[in-house]
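Written below as structure tokens is the structure these notes are about.
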Amino acid sequence: MEGRLYIETQGCQMNAYDSARMADALRERLGLERTADPAEADVLLLNTCSIREKAQEKVFSTLGRWRVHKQARPHVVIGVGGCVASQEGEALRRRAPHVDVVFGPQTVHRLPEMIEQVRAAGRAVVDVSFPEIEKFDRLPEPRAEGPTAFVSVMEGCSKYCSFCVVPYTRGEEVSRPLDEVVAEVAALARQGVREVTLLGQNVNAYRGETPDGDAADLALLIHYVAAVDGIDRIRFTTSHPLEMNDELIEAFGEVPELAGFLHLPVQSGSDRILRLMRRGHTAQEYLDIVARLRRARPGLSLSTDFIVGFPGETEADFRATLELIDAAGFDHAFSFAFSPRPGTPAAELPDDVPAAEKKRRLQVLQARVQARFDAVSEAMVGTVQRVLVEGPSRRSPRELCGRTENNRVVNFPGPREAVGRFAEIEVTAALANSLRGRIHSIEETIPNVA
Ligand code: SAM
Ligand code: F3S
């Protein structure tokens, strides 16, 4: 069977990873090639996110728009995956009866069979179960697209923060075995990948089985990945402060391949709110972890997530969050207004911070973080940074782009042959969202590539 596949992805990097794996599986098993135009697709997939209400609403407006494709070409198959699918299951088809396949984050590998079933029987198929980790065993080897790649190492979350749907939509934590992850990284490295980002909803809770039946933690996995020939930069996301064990902190001092950048969500600087959020630590305990990380890796760049307007958050609680920005020295942050999610404990609390006040707090907080971000970018002007050259720049196809260790995009003129190599780049200017630079030197040989 041949045809075209259109995938729209909402939400986190885990979803982006799953979408790429779906495309791989559907190409291999059903011969579907990807298209960027939904009007010419035979299979349309929406990989959904339910972390906040806004994301969830978008699902039904997109599905509404897709109805015309099915009306025009009745053979079209429409599938919905991800967290909204997981949460709604059968109910999703009541609101959008033109959907043929509903699959969850843990059943993406069954998608080719599900689509074949729909085509053969003309009936809808729903499978949002949590069949442990068979997902990874049944997905084809990933195809590298450029010198950077994501590798999912664990699924789900068992932390149950009071505001969050992830444990309900993606299930409890399950880790992939150590040697399977290392084999996937090695396969990517053979295709020219130089930087991997180890992914998981709660990635530092990784406990992967070793061949002799022990459990490897994330620090051990990082040591193994760093030893893979060709892999010269490692990142991981997203972490929980409670899972920053000594070994992982020490890895920042011991593993030069580990980028000096960490995304460590804190959510709030108020101990009272942290308790209501069930984060399991205080603001001071978070700062202690940061201090230990910076002892292991001086100059570590730190990014975080914040929620403002959690139920009962007072002006004093909010000020404590602002104070934490400076105390921790965040370089970057994602920040969100609290959005009550059905089925979570925080949704039972009165959502008592008015929307306008949530918005104001968000703006104040974002301005504070942006000022720190800009100051760091400014201070980088004139310095030489190690950058992995990723490909043509988005702004101008005649330029190249890459990212610094602290995750800033740099655009610079240079030869196409530099792609896939590390280069020393002198930063010449700091713009709002990126840096400009010029090449100082380029690594001469690329490991693994003949
Ligand atoms: N473990 C991952 C993490 O910590 O990033 C996944 C959590 S979620 C995908 C990413 C962020 O969304 C969270 O850190 C939190 O700041 C935010 N978030 C989660 N639930 C939320 C809610 N109900 N309202 C607003 N923001 C929320
Ligand atoms: Fe969500 Fe907290 Fe886990 S934010 S993904 S329940 S660590």
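The values are calculated or read from the model by the stated rules, or taken from the named source; none is laboratory data. Not measured: the values here are computed from a predicted model. FYI the Cβ positions are ideal-geometry reconstructions off the backbone, even for glycines, and counts take in every protein chain you see.
Pick out the one residue from Ser152, Ser162, Ser158 that is crowded, with 20+ Cβ neighbours inside 10 Å and within 16 Å of ligand 1 (Cβ to nearest atom).
Every option except Ser152 fails the conditions.
Say we look at the range 54-79 and pick out the residues that are in a helix (DSSP H, G or I) and of a type in the set (A, V, I, L, M); which of these is surrounded by the fewest Cβ atoms within 10 Å (Cβ to Cβ)? Give the steps one after another, and end with the answer.
Pass one, the range 54-79, residues in a helix (DSSP H, G or I): 54-72.
This time we only want the ones that are of a type in the set (A, V, I, L, M), so: 55, 59, 63, 68, 72.
Details: Ala55: 17, Val59: 24, Leu63: 19, Val68: 11, Ala72: 9.
Step by step, filter the range 54-79, then rank; the result is Ala72.
For the range 122-138, does any single residue satisfy the condition of being surrounded by fewer than 17 Cβ atoms within 10 Å (Cβ to Cβ), small (Gly, Ala, Ser), touching a residue at least 12 places away in the same chain (Cβ under 8 Å) and more than 16 Å from ligand 1 (Cβ to nearest atom)?
yes
For Glu195, indicate whether it is away from ligand 1 (no atom under 16 Å from the Cβ), of a type outside the set (Lys, Arg), in contact with a Leu (Cβ under 7 Å, 6 or more places away or on another chain) and without any contact (Cβ under 8 Å) to a residue 40 or more places away in the chain.
no
Leu111: under 27 Å from the mean Cα position of the chain (by Cα) and without any contact (Cβ under 8 Å) to a residue 60 or more places away in the chain, yes or no?
Taking the combined requirement at face value, the residue does not satisfy it.
Kindly indicate the residue of the range 140-173 that is more than 8 Å from ligand 2 (Cβ to nearest atom) and aliphatic (A, V, I, L, M) and also nearest to Arg27 (Cα to Cα) among those meeting that condition.
Going through the qualifying residues, I end up with Ala144.
Do we find a residue being of a type in the set (Gly, Ala, Ser), assigned to a loop (DSSP other than H, G, I, E, B) and within 16 Å of ligand 2 (Cβ to nearest atom) anywhere in the range 176-196? It would help to see each step written out before you state the result.
First, pick out the residues of the range 176-196 that are of a type in the set (Gly, Ala, Ser): 183, 186-187, 189, 192.
Filter once more, so that each one left must be assigned to a loop (DSSP other than H, G, I, E, B): 192.
Still in the list and also within 16 Å of ligand 2 (Cβ to nearest atom): none.
Looking through the range 176-196, none of the residues is of a type in the set (Gly, Ala, Ser), assigned to a loop (DSSP other than H, G, I, E, B) and within 16 Å of ligand 2 (Cβ to nearest atom).
Looking at the range 259-272, can you tell me whether even one residue there is within 16 Å of ligand 1 (Cβ to nearest atom), crowded, with 23+ Cβ neighbours inside 10 Å, assigned to a helix (DSSP H, G or I) and of a type in the set (A, V, I, L, M)?
no
Just give me the residues in the range 411-428 being within 24 Å of Ala333 (Cβ to Cβ) and out of contact with any helix residue (DSSP H, G or I) (no Cβ under 9 Å at 6 or more places or on another chain), in sequence order.
Asn411
Which residue pairs have Cβ atoms under 6 Å apart, sit 6 or more places apart or on different chains, and have a first residue in the range 334-345 that is under 12 Å from Val308 (Cβ atoms) and among the hydroxyl-bearing types (Ser, Thr, Tyr) and a second that is surrounded by fewer than 17 Cβ atoms within 10 Å (Cβ to Cβ) and modelled with pLDDT of 95 or more?
Ser335/Gln366
Would you confirm whether any residue within the range 212-224 is within 15 Å of ligand 2 (Cβ to nearest atom) and either surrounded by fewer than 23 Cβ atoms within 10 Å (Cβ to Cβ) or in a loop (DSSP other than H, G, I, E, B) (or both)?
no
In the range 229-253, how many are in contact (Cβ under 8 Å) with a residue 24 or more places away in the chain and either more than 16 Å from ligand 2 (Cβ to nearest atom) or over 22 Å from Gly280 (Cβ atoms) (or both)?
Residues flagged as in contact (Cβ under 8 Å) with a residue 24 or more places away in the chain and either more than 16 Å from ligand 2 (Cβ to nearest atom) or over 22 Å from Gly280 (Cβ atoms) (or both) within the range 229-253 amount to 13.
Going through Phe336, Phe306, Phe330, Phe310 one at a time, which residue ends up being within 26 Å of the chain's Cα centre (by Cα), closer than 30 Å to Thr404 by Cα, assigned to a loop (DSSP other than H, G, I, E, B) and within 15 Å of ligand 1 (Cβ to nearest atom)?
Of the residues listed, the single one that is within 26 Å of the chain's Cα centre (by Cα), closer than 30 Å to Thr404 by Cα, assigned to a loop (DSSP other than H, G, I, E, B) and within 15 Å of ligand 1 (Cβ to nearest atom) is Phe330.
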